[in-house]
Structure formats: structure tokens, C-alpha cells
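So the structure is just underneath, and the comments pick up after that.
What follows is calculated from the coordinates using simple rules that are stated; it is not laboratory data. These numbers were taken from a predicted model, which means no experiment stands behind them. Backbone-built Cβ (ideal geometry, glycine too); neighbour counts: all protein chains shown.
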Number of protein chains: 2
Amino acid sequence: MLQCSMNSSRAYIGNVRVASVLAMCAKRASVRAISTAKALIYERNGDPADVLQLKEQQMPEVGEQDAQIQIIAAPINPSDINTVQGKYPLQPALPGVPGHEGVGRVVKVGSKVSSLAVGDHVVPLASALGTWRTAGVFKAADWHKIPKDLPMAAAATLTINPPTALCMLDNIVQLQPGDTIVQNGATSAVGRHVIQLARAKGLKTVNVIRDRPDWDAAVSWLQGMGADVVTTEQKLKADLASSSLPAPKLALNCIGGSSAAAIAKVLQAGGMHVTYGAMSMQPLAPPTALLIFKDITFKGFWISGGWAKRAGPRAHAALLDQVVQHIQQGHLTPPQLQEFQLSQFAEALDASSTAHKQHKVVFVPE
Amino acid sequence: MLQCSMNSSRAYIGNVRVASVLAMCAKRASVRAISTAKALIYERNGDPADVLQLKEQQMPEVGEQDAQIQIIAAPINPSDINTVQGKYPLQPALPGVPGHEGVGRVVKVGSKVSSLAVGDHVVPLASALGTWRTAGVFKAADWHKIPKDLPMAAAATLTINPPTALCMLDNIVQLQPGDTIVQNGATSAVGRHVIQLARAKGLKTVNVIRDRPDWDAAVSWLQGMGADVVTTEQKLKADLASSSLPAPKLALNCIGGSSAAAIAKVLQAGGMHVTYGAMSMQPLAPPTALLIFKDITFKGFWISGGWAKRAGPRAHAALLDQVVQHIQQGHLTPPQLQEFQLSQFAEALDASSTAHKQHKVVFVPE
């Protein structure tokens, strides 16, 4: 099996290896087809630590429209956990391999594949392909080519959070430089991408986070990315008023409950409120007057099974290319990675549930 | 002061006179300008029974863009009560005259008015003009001409409920004959207009009402208007499934709370949920998954300060003309009226809060 040697500077958090990788896999010359692969497999839905097993399997034949892809890195996202639990709407047939996201390298292509070539670096265009494996045979059309020199941390986490942030800024309401958006959960991965992309587009961001012991550090961190206002749910109205920013046209909600209502209440008349997460597990409770008398619209946003499905693969691929350009232009800071082998899945799952938000837990299959 | 003699068949409910009026005011020949008028006036916000006073005033001069209009009939709507209470977003300057809706007759026009002529029957295009008076001088552009032979009950209640129903069916999502809509509060005035207009357009309606002692009568009543399914919040899912109707594209909510959530849950993916009332006084609590994974959009609808303001007076006038056509084609059954003079405002307010839903309380100023 191929192994990708990372050109990286390494650090440790506790006893967990953290990689800040600047370039992926110097040994591209060694690309060749693979005959067996290991994968994390689950035969029934349940808690991932209980139901996942590492298994080695023969690789299937590469059909004429297929590509054999070696997985370089695949993160653990909340949606992966929910998929194994059976709670996510996009489910693979069982027995299944988890992993909606990741970056791979093409090691063999079918006779009718022209979109990919051996050695290309690729990210999933489709969901639920199962990236928590060393390699697999997939439909070539389900993967999208990215530049080989993209930092691994950016490539491995390219297809969910950054396009979610970019698509919500570009495709829901018409925003002009100088316009304000308001969001909660601003320290989340999507929240941070929103701040950075908004700065690149000349938009102003009002960012709601929970009060916390290291408040000043959190504010500095977000301001360093471009946040214009950082506030709490309780201080939002006053801080927005004293900021002299125009009332927001767009609210981005990943929390729910009272936080979702708070960012709805400061929207301008006719504004748009978009829910893409539900961290508090509380439903929205929008006051009826906001709907009727202030003409606020409440929508949801889901990149994988929603937007991408409606927009089609061409528009989806174009969106991923835009994300790549923003990374190349230095607009987006990739997360730092905590790397685990597939056999370390118990530790990896544990780390993903407690990881510092600046770090992303990834499998680096060996 | 002019008095309009109604060509009506009369009935009594208890000791309240109920008119089923088929034609308004046979004595059109007696139209002439008016020098004094009585009005229900409030100098401060509060409970209408406490703050309203009947006062007689000199009529102001008719400016070149003005029209003097005699009020034939003006209903008591919940929004009128909320306006006097100070709870409605459209507020007249104080001292004010309540009444957003009604029908009048033009008795004098200014030298530059070409849109109206003496003798025309008119309904308000603008809100908060104050129709609870015998006559007034208004900007001519704030009123819209309607046919003189329109039944008074239809004319007096033309500008809020029927255009709300029509506009929600025509302008929010693209509906084709055979498509299903679901609504709660189906026995409300708007709910009944929705049923009747949907039938005229070949749309199927699923109607949620509260369980009640006279269930069979209520079902028959709504089915007589064209309701396809009449059900309760609890039975909605099962009754929709057994109806073989397609999943609804549009949900119309005037209740809020769990009822609003119930009609959201049966929408098809990508469906639209529209709130135009809040009878339960409970906020919506849409499950986040409906927003994110089922792509349901939640909007509000407000004809007076919302749609009409954005669409402009020309589109608003065209909408009222469409309502008139539906009435003339027999698609809409006007409410039966309970008539009161302005001096009987205490009894009228009392009747409006307890009136049977099939009857509308109107002032018939004398």
C-alpha cells in the first residue's frame, strides 16, 4: 500500500500529534494501483465506537467509468458521526464506510474516464462515498480535481465548511460591499470561514459567541480574521446599535433557540435568516411579528444533500473551484490537524468530540 | 347627512339585526356634499370601549387632489382593535379614527381628480384612513373604484381577507391545477376564501380545524365551499396519506405553535410555509431539520403594510379588481353582516369579539 509522506512541521497537544501541513505528499512518483485496502466498516447503525470495525478487503475491479483513489486524509465531522448513528439524511447502504469528506489521490482510472488522471488530487463531489479507508474504487464523476500544491489541511476539509460559508454569502441574498451580516456560533468552522470570506468581499460581520473565561482572547482571535463586531446574545442589540453598522440583511444561524431569535430580531425589514446547524438542539422560535410585520424569511441551508443536489455537479464543482481560489489567495486559514491512523479510530473519535475548535481530527490512512 | 337605504333581506340572531345584502343603496340620485360628519375618535391608545368617543366635526375643505367620501359600511376587524390598542404597526396620528376597511361613496371630488367621480363606490387602497365615521375628506388616490352593484357585504369586507387569500395563492409559490395546499384555521375568513379560490383555480385544499362538538356540520360547511380534506392537527398526517393527494407545496398558517409545525411537517421537500396570523399567540417552533434537510422556507404575509407597500398602488388596485371579478363570478361567498350605528359602538365591539364566524360586524354610519 502506498504511504504519503507529509512535508509538514509538527507540534504536539498533550500526546496527540498535530500537523500544520504546507504541502501534500512529496512522493508523487510512487503512485500505483492498489490490490487491497483497509476500511472502517459498520454493519449496523449505532455509536461509532461500538459499531466500527477495521477490515481489510480486496479492491474491486476498476470499471471503465471508475477511478481507484487512495485516501490521503479524511476528517471526522459531526455529520459522519450522525451518519453512523443513523441520524443523518444521507445514508450509505449497509455495511457502510463512514466519511463524507477528505482528499485523495487517483491511482488508476477506467478506460472512459477523461476528467481525472493518475496522480491527480481529488475531493468528493458526492456525499457518503466513505472516505474512512485507505483506498477505494469510485465513480470518477463523484470526485473533483484540485491543485496538487493545496495544503493538505485545506484539501482534507475543503468540501463542507468552506463552500457552506461561501454559498451562504453568495447565493441567498444580494450583498454589496459595506452590507452587514450577523451570525451566531462565530467560532465554529463555518463561522470562521464566514468572517474571512466576508472580509475578502468587503462585507461587515457581527459575530455572536457565548460568554467565556477567555473572552478577550476569543475576540482578538476573531478580529484577527476580520470580525467587525464580536458580542454575546445579550449584548447584541446594544453593540450593533453603537457600531454604526447598517442593520444586517442576512443572519446565519447554527445554534437555534433564543440565539436564533436574537439574530433574527436585529435583521433589517425584509431580511433573510438562514439556519445551517442546530448546536443547541433547540428549535427556532421566531416571533410571529417578525414574519408578518417585518417580512423576515427563514430558510435552511445544507450544502451536501440540499444546495449541491439542486445546483447540479457542474455548479458544485465551480463552487469548489471558488473555494480553492480563496485558499490560494490567502483568504481562508486552514485548520490545524490532529492526525490518526484508521486503527486508532477509538482515540480519534474521542479526540473529535473534545478537540479544540482550532484543530480538526483527520484520519491519515496508512 | 345622506343616508343609504339598503336593499336587503333581514334576519335576526338573538336581538341583533343581521343583513344579507344583495345590492347597495338604491338611492344613488341623492348624492351630495356633506358639511359635518360624525366619527369614532380616540385621543390615546387603549381598550376601544374605553377610549373611543363619538364626535361630530366640520368637514374640511376638499383640496384639488381630494375626495369627500361618505362611508356606507365599515367592518370591525381584529387589526382595528389592535390599532386602537396601539399594538398594530400601522398607526394613525392621534387623535385618530379607527377602521382600515370599508366601502364608501364619492360625494365630491377636487378639481384635479380624474380617477374618481361623484357617485362612485370606493374601497380603501391605503390603510389607517379611518373608516369608522359617517364621511371624510381623503386623498382621492387612497381609494379605489369598485362596481356599484357589488353586494355591500362583499364590498365592505373586500380589502383585507379576500386579497390576502388570493395573493397568498398567486404570488408566493408557483401552483398548478391539481397541486395541494394545506392550511390551519380553515374556518377563519381568510381560510374560507382560500378554500373557495383554490376550488376556482383547480387546487386541492387540506384544511386543519380544531375538534369541536359540531364537527360534522363544520366539515359539511367547508366541503360545501370546496374543501377536499377537513381534519385536525392530530389526524392531519394520516388523513393526508389516505387522501391520495400529492404532498402540499404551500402551507398557510394563521394559528402558530404546534399547529404551525404540524402543517410544516407535511409539506413536500422545498415547500413554503406562510404565516399570516397568530391566533394561538404561540410562536412558530419549526424543527430545525425541516429547514436544513427538507428545505422548507418560512415566510410571513401581510397584505396592508407588507405586500401592498412593496407592490405599489397599481398592483394593489389590480389585485382588488381580481377579487371583484372572483366575487362577480360567484367564487366567493360574502359574509353575513351584523349592522350597528356608530353610536352603538359598545355593542358592536362586544358583538365583534363574540360574533359567529359566519357573520361580520359592520358599522353602517347614519
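The modelled label-to-label distance for the pair B:ALA241/B:ARG32, using points 7 Å beyond Cα in the direction of Cβ, is 7.2 nm. Using the Cβ-Cβ distance between A:MET281 and B:MET281 with R0 = 35 Å, the FRET efficiency computed as 1/(1 + (r/R0)^6) comes to roughly 0.90.
Its residue count N fixes a reference of 2.2 N^0.38 Å for chain A, and the Cα radius of gyration divided by that reference is 1.01. Mind jotting down a quarter of the surface of the convex hull over the alpha carbons of the stretch B:161-304, in square nanometres, one decimal? Here the figure is 7.9 nm², rounded to one decimal. The residues B:MET168, B:MET59, B:MET225, when put in order of fewest to most other Cβ atoms within 10 Å, stand as B:MET59, B:MET225, B:MET168.
Working note: 222 nm ellipticity from helices only, DSSP H runs with n ≥ 4, each -39,500 (n - 2.57), summed and divided by the residues of chain B, gives -8500 deg cm²/dmol to the nearest 500. Quick check: net charge around A:GLU64, other residues with Cβ under 13 Å of its Cβ, Lys/Arg +1 and Asp/Glu -1? Here the count lands on +1.
Shape analysis of the stretch A:250-363 yields a ratio of the Cα radius of gyration to the Kirkwood radius, Rg/Rh, of 1.07. Under 5 Å between amide hydrogens, built in the peptide plane, is the criterion, and for A:LEU284 it picks out A:GLY257, B:THR288 among residues at least 5 positions away or on other chains. Residues with beta-carbon under 13 Å from that of B:LEU150, excluding B:LEU150: net charge, scoring Lys, Arg +1 and Asp, Glu -1? Cβ neighbours under 13 Å give a net charge of 0.
Using the charge dipole of the protein assembly as shown (Lys, Arg: +1 at Cβ; Asp, Glu: -1 at Cβ; taken about the Cα centre), state which of B:VAL109, B:PRO95, A:VAL173 has its Cα farthest towards the positive end. Positive-end residue among those listed: B:VAL109. Temperature 4 °C, viscosity 1.567 mPa s: under these conditions the Stokes-Einstein estimate for the protein assembly as shown, based on its Kirkwood radius over C-alpha pairs, is 44 µm² per second. Charges were assigned to the Cβ only: +1 to each Lys and Arg, -1 to each Asp and Glu. The resulting dipole of chain B about its Cα centre is roughly 500 debye.
Taking the charge dipole of chain A about its Cα centre, with +1 at Lys and Arg Cβ atoms and -1 at Asp and Glu Cβ atoms, the residue from A:THR232, A:GLN344, A:SER127 reaching farthest to the positive side is A:SER127. Other residues with beta-carbon under 13 Å from the beta-carbon of B:ALA315 carry, at +1 per Lys or Arg and -1 per Asp or Glu, a net charge of +1. Take the Cβ atoms of B:SER220 and A:GLN53, set R0 to 60 Å, and the FRET efficiency comes out at 0.45.
In terms of other Cβ atoms within 10 Å, A:ASP47, B:ASP295 run from fewest to most in the order A:ASP47, B:ASP295.
List the residues of the stretch A:181-220 whose backbone N lies under 11 Å from a point placed 7 Å from the Cα of A:GLN234 along the Cα-to-Cβ direction. So the set is A:211-212. Put the Cα centre of the stretch B:191-260 next to the Cα centre of the stretch A:85-116 and the gap is 44 Å. Exposure proxy ranking for B:THR180, A:THR297, based on other Cβ atoms within 10 angstrom of each Cβ and starting from the fewest, stands as A:THR297, B:THR180.
Past 19 Å, Cα to Cα: identify those pairs from A:LYS294/B:LYS299; B:LYS87/B:LYS139; A:LYS299/B:LYS249; B:LYS112/B:LYS145; A:LYS108/A:LYS360; A:LYS139/A:LYS309, in the order given. B:LYS87/B:LYS139; A:LYS108/A:LYS360, as the Cα separations exceed 19 Å there. Per-residue 3J(HN,Hα) values for the stretch B:132-137, derived from phi via the Karplus relation 6.51 cos²θ - 1.76 cosθ + 1.60 with θ = phi - 60°, read 7, 8, 6, 6, x, 9 Hz in sequence order (x marks Gly and Pro). Residues whose amide H falls under 5 Å from that of A:GLY46, counting only those 5 or more places apart or on a different chain, are A:GLN85, A:GLY86, with hydrogens built in the peptide plane. Placing R0 at 45 angstrom, the Cβ-Cβ distance between B:ALA117 and A:ALA311 gives a FRET efficiency of 0.25 after rounding to 0.05.
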